[in-house]
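Asker: Sending over a structure as structure tokens; questions will come in a sec.
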Amino acid sequence: MSQQQQDNNEQQRRRLPPGMTLPPGMGAPPGMGPPPPPPPPPGMMNAPPGMGGPPPGMMPPGMMPPGMNAPPPPPPPGMMNAQHYAPPPGMMMGGPPPPGLLPPPPGMQQQGQGVGYYPPNTNTTSAGHEYVPPPPDQMHQPPPLPPGIHLPNTMPTPTNLQQAQIFATAPQSQSQHTIPLSLEEKSKRWAKLQKKRYSHKRLNTFSAPQKEQLPPDFLRKLLADHGDMSSKRYQSEKRIYIGALKYVPHALYKLLENIPMPWENYKEVPVLFHVTGAISFIPTTPKVIEPIYQAQWGTAWLLMRREKRDRRHFKRLRFPPFDDEEPPLDYADHVLNVEPGEAVRLELEDDPQYALIQDWFYDSNPLADLSKSDPLREHVYINGPSYKEWRLSTSIMAQLYGLAEPLLNPHGDGNHRYLFDKDFFFTAKALNVAIPGGPKFEPLFRDVVEEDEDWNDFNDITKLIIRKPIRTEYRIAFPHVYNSRPRKVKLAPYHYVASNYVGDADEEEDDDGEEENGMVWCFAAYPTVLNPIVRVGGSGKNYVPTVVDEFDQEDFYGIPLVGESSREDEYDVDNVWDQYQYQYSNDDDSLWEEDDQVVAESTLQPLLQDAPLATSLTSSGIALYHAPPPFSCRSGRTRRTIDVPVIGHWPRNRVNNNKDYPTKVRVSYQKLLKAWVVNQLHPKPATKKTKRALFKSLKNTKFFQCTELDWVEVGLQVCRQGHNMLNLLIQRKQLNYLHLDYNFNLKPTKTLTTKERKKSRFGNAFHLVREILRLVKLIVDAHVQFRLGNVDAYQLADGLQYTFNHVGQLTGMYR
């Protein structure tokens, strides 16, 4: 052993607690202080100064030179002749050392050396003598300690913490008695073990700290500083702006997805922006409750039609709203302090018919923040802040159905679509014919030859020859009968079960406008839309027909015909058979005879005899049962606004000949119907795509921050950012003779040479992004004109409708 190792061991031995020693070759745990000097033996005075240590060249008591083992300790008094003795209770052989003492190092127990070692408990000693147990009075009593020796403190102290940990990890003897675990503790340990064994381990998980929203002025100041990106001051950030160009289409898509509705004059949205102001996103997807959303659009459509009808001079918005060289307005200077105008909203506050919906109908997220004590809890269920599931009562659904009715499909009967449905369009396309009012397609099979001759080599003499032209409807309805070679045809149902629902528009109310006893007489009143059944032949109670007609028995019995019953009739329907007892008599003229074999018990009662004929919700329930989706459902899941088909059924219905639609409307309907048929005929299979949370991953980085802004302000920012990106791309190619104006028109500043023309050519992606930005700029500028007070909400809605329906004229996107 080297001198340095001996010095280290010496320093460790000096830091042991009082009364403790270390086996040879084992160091003390770190942190132990030097022990105090041992007390002198009894009867001896303290050593004089300079005499405390051993003479030079001699080891201290209890220590041996390196390489030599210390002898075993002597036995207790009274057991001098016993070479092996049993340990006292609590110090079993092979067990852990007493509290406060270090365990022997590995390998010491087998050698039988060191403090606290006891040989195995055998019947014979190592010398071959028989083992003699101690006397009974000393069996369970520990031997007395030598004079002047005291046991150390058994409780681990902060200085003995590592020593206590070593003792806790020492192997336990099998002979030591353990406390049995309770069933509850075993259950907890088993559950913990199974959870650790079968738990799903997520690798490479990163949880970014929650970011606080920054004030809007932070982003405004950021964009104000980055107005002109052509300066050398932003030389290091130009690369970031050009790199963000690949995300511009997604930013524009999210901007248009969150566009304010006609009933919203102001909409605040969350914004995720880059710290350099390169790009801004709206990271939310608007979800709506479909019946409420369609009812909102129904009221907007009703008010817009009414406004266009009553206003004499309706002036359409000018496009483009701002000049080409006019930069986008600064929101803080021009729009922030201007109060927005009134939106397109129907006045529901004074109408008691809509008492359940008038307080929340035009909210941004209707019914999203209902409290537990809200009385609407009886009629509404929303799953929570996630806004995923909804359930509405019949009363609310009936009120929403009444508001959405102008936009819904009025033809609920499937027979109305005969010869104008999907399968009929497929057949017409395969046969290369066109249904009147339907789409026209290119021939599917080009090997069809008109058969003008009555008979040729390919015609049999027994073939049916029709010399008159066959109507197109016949060929489509019965393709295998009226066509020589039908291929790729679809057989459609000939008819559906007729619907007997005629609506509840003729419900009668009392003079005071209230329903009698809270009951709607949906079964008592006869609708005027049906043709009434009239009497034919004799009439009166005493009229006896010679031949009993089953359809005329009502007349004979005197029961009013269908359409004659009303609440004012004196006829008592409940006692109809009591009024004519002669019908049950035994006279020969009686039409009814008692059957002795069929006798009903006196306890027999009709089913549902205690249920009312109708309640206050019966009429609404029947109307909703026959209503088109989603009003035929009481519950569902929220949908994205772009997924709700508000007027998708319009082109799929026959154009009413009574309405004088312009030719362009009919042509537009025919084009939409043709596109719908092609999409239904060739649907794209659903491909499994990996859903990537783009905004979540961007938000977890340090380069993106969050805030909340007005939608118009975000639109102006995205237009500015897109203009900066395209300008930087033009400058990067050193095309100084091309100018991009603020309406995203790319114009040359001079007459270009052939070489300059070749150099200034951009790809389709550049021009497509430029045209999309141009369309978005038109939409945002229209909202800016509304916020400035230059146009009202109806002109804004008309301008947006014109913009989305004339994209090809306003932009060059389809070139």
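Asker: Would you tally the net charge around Thr276, using a Cβ to Cβ cut-off of less than 11 Å, leaving Thr276 out, and scoring K and R as +1, D and E as -1? Display every interim value, and only then the final one.
Answerer: Values: positive: Lys238, Arg239; negative: Asp225, Glu237.
Net local charge, Thr276 excluded: 0.
Asker: Could you state how much accessible area Phe523 has, in square angstrom rounded to the nearest 10, with a 1.4 Å probe and all protein chains kept in place?
Answerer: 120 Å²
Asker: Right, next: State, to one decimal in nm, how far the label point of Glu184 lies from the label point of Trp676, with both points 7 Å from Cα in the Cβ direction.
Answerer: 6.7 nm
Asker: Still on this structure: Counting heavy atoms of the protein chains only and a 1.4 Å probe, report the per residue accessible area for region 639-700 as a whole number of Å². Let's see the in-between values first.
Answerer: Values: 5080 Å² over 62 residues.
That works out to 82 Å² for each residue.
Asker: Between His649 and Glu378, what is the FRET efficiency for a Förster distance of 30 Å, r being their Cβ-Cβ separation, to the nearest 0.05?
Answerer: Details: r = 33 Å, r/R0 = 1.11.
Efficiency, from the Cβ-Cβ distance: 0.35.
Asker: Continuing with this model, one more query. Under a cut-off of 18 Å between alpha-carbon atoms, report the lysines in cross-link reach of Lys759, not counting same-chain residues fewer than 8 places apart.
Answerer: Partners within reach: Lys733, Lys747, Lys750.
Asker: Using a Förster distance of 45 Å, how high is the FRET efficiency between Phe703 and Asp351, based on the Cβ-Cβ distance and rounded to 0.05? The partial results should precede the final answer.
Answerer: Working: r = 52 Å, r/R0 = 1.15.
In this case the efficiency is close to 0.30.
Asker: Compute the accessible area per residue over region 287-330, keeping the other protein chains in place, probe 1.4 Å, unit Å². Let's see the in-between values first.
Answerer: Numbers: 2670 Å² over 44 residues.
Result: 61 Å² of accessible area for each residue.
Asker: Here is a further query. How much of the accessible area of region 723-815, in percent, comes from carbon and sulfur atoms when a 1.4 Å probe is used? Please report the intermediate quantities before stating the final value.
Answerer: Details: 2280 of 4670 Å².
Looking at region 723-815 in its full context, I get 49 percent from C and S.
Asker: How would you rank 382-389, 397-404, 297-304, highest first, on the average number of other Cβ atoms within 10 Å across their residues? Don't skip to the answer; put the middle values down first.
Answerer: Working: 382-389: 13.0, 397-404: 22.9, 297-304: 19.5.
Highest to lowest by the protection proxy: 397-404, 297-304, 382-389.
Asker: For the full complex of protein chains and a 1.4 angstrom probe, list Ile179, Ile470 by accessible area with the highest value first. Let's see the in-between values first.
Answerer: Numbers: Ile179 150, Ile470 60 Å².
Largest accessible area first, the list is Ile179, Ile470.
Asker: Mind giving me the FRET efficiency for Asn790 and His739? R0 is 25 Å, r the Cβ-Cβ distance, nearest 0.05 is fine. Don't jump to the answer; show the numbers that get you there.
Answerer: Numbers: r = 28 Å, r/R0 = 1.11.
That gives a FRET efficiency of 0.35.
Asker: How do 733-740, 284-291 rank on mean C-beta neighbours within 10 Å, highest first?
Answerer: Values: 733-740: 14.6, 284-291: 19.6.
So the order, starting with the most tightly packed, is 284-291, 733-740.
Asker: Send over a whole-number figure in Å² for the accessible area per residue of region 384-433, probe 1.4 Å. Kindly include the intermediate steps, with their values, before the conclusion.
Answerer: Working: 1990 Å² over 50 residues.
Per-residue accessible area for region 384-433 comes out at 40 Å².
Asker: Determine the gain in length on full extension of the stretch Ala765-Thr663; use 0.36 nm per residue of separation and subtract their C-alpha separation, reporting nm with one decimal. Write down the numbers at each step before the final one.
Answerer: Working: separation 102, 0.36 × 102 = 36.72 nm, distance 3.55 nm.
Extending this stretch completely gives an extra 33.2 nm.
Asker: Per 0.36 nm of contour for each residue apart, how much would the distance between Phe804 and Ser635 grow if the chain were fully extended, relative to their Cα-Cα spacing?
Answerer: Numbers: separation 169, 0.36 × 169 = 60.84 nm, distance 3.22 nm.
Contour length minus Cα-Cα distance gives 57.6 nm.
Asker: Sort 799-805, 390-396 by packing, meaning the average of other beta carbons within 10 Å per residue, with the highest value first. Each step should come with its number before you reach the end.
Answerer: Working: 799-805: 15.7, 390-396: 18.3.
Descending packing order for the listed peptides: 390-396, 799-805.
Asker: Magnitude of the Cβ-charge dipole of region 217-299, K/R +1 and D/E -1, about the Cα centre, nearest 20 debye?
Answerer: Working: 10 positive and 8 negative charges, 90 e Å.
Here the size comes out at about 440 debye.
Asker: Here's a follow-up. To the nearest 20 Debye, how big is the dipole of region 186-344 about its Cα centre, given +1 on the beta carbon of each Lys and Arg and -1 on that of each Asp and Glu? Walk me through the numbers before you get to the answer.
Answerer: Values: 29 positive and 19 negative charges, 407 e Å.
So the dipole magnitude of region 186-344 works out to roughly 1960 debye.
Asker: Give Lys254/Lys699; Lys254/Lys777; Lys211/Lys287; Lys254/Lys689 a once-over and call out the pairs whose C-alpha atoms are over 18 Å from each other.
Answerer: On the way: Lys254/Lys699 16 Å; Lys254/Lys777 14 Å; Lys211/Lys287 24 Å; Lys254/Lys689 20 Å.
Cα-Cα > 18 Å for Lys211/Lys287; Lys254/Lys689; rest within.
Asker: To continue, here is another question. Going toward the positive end of the dipole of region 769-815, with +1 on Lys and Arg Cβ and -1 on Asp and Glu Cβ, which of Tyr802, Asn790, Ile772 do you reach last?
Answerer: Of the listed residues, the answer is Ile772.
Asker: Let me ask something else about it. Less than 11 Å Cβ to Cβ from Leu729, Lys/Arg counted +1 and Asp/Glu -1: what total charge do the surrounding residues give?
Answerer: Numbers: positive: Lys238, Arg732, Lys733, Arg770; negative: none.
Summing Lys/Arg as +1 and Asp/Glu as -1 gives +4.
Asker: For region 205-335, calculate the relative contact order in percent as a whole number, restricting contacts to Cα pairs under 8 Å that are 6 or more residues apart. Don't skip to the answer; put the middle values down first.
Answerer: On the way: 53 pairs, mean separation 24.6, N = 131.
It comes to 19 percent, rounded to a whole number.
Asker: I want the local charge near Asn790. Using Cβ-Cβ distances under 15 Å, sum +1 for each Lys or Arg and -1 for each Asp or Glu among the other residues. Write down the numbers at each step before the final one.
Answerer: Details: positive: Lys315, Arg316, Arg318, Arg787; negative: Asp323, Glu326, Glu339, Glu342, Asp781, Asp792, Asp798.
Result for the neighbourhood of Asn790: -3.
The values are calculated or read from the model by the stated rules, or taken from the named source; none is laboratory data. Treat the numbers as computed from the prediction; the structure is a model and nothing was measured. Please note: Cβ atoms are built from the backbone with ideal geometry, for glycine as well, and neighbour counts cover all protein chains shown. For accessibility, only protein heavy atoms count, side chains too; no ligands or nucleic acids. Shrake-Rupley method; radii C 1.70, N 1.55, O 1.52, S 1.80 Å.
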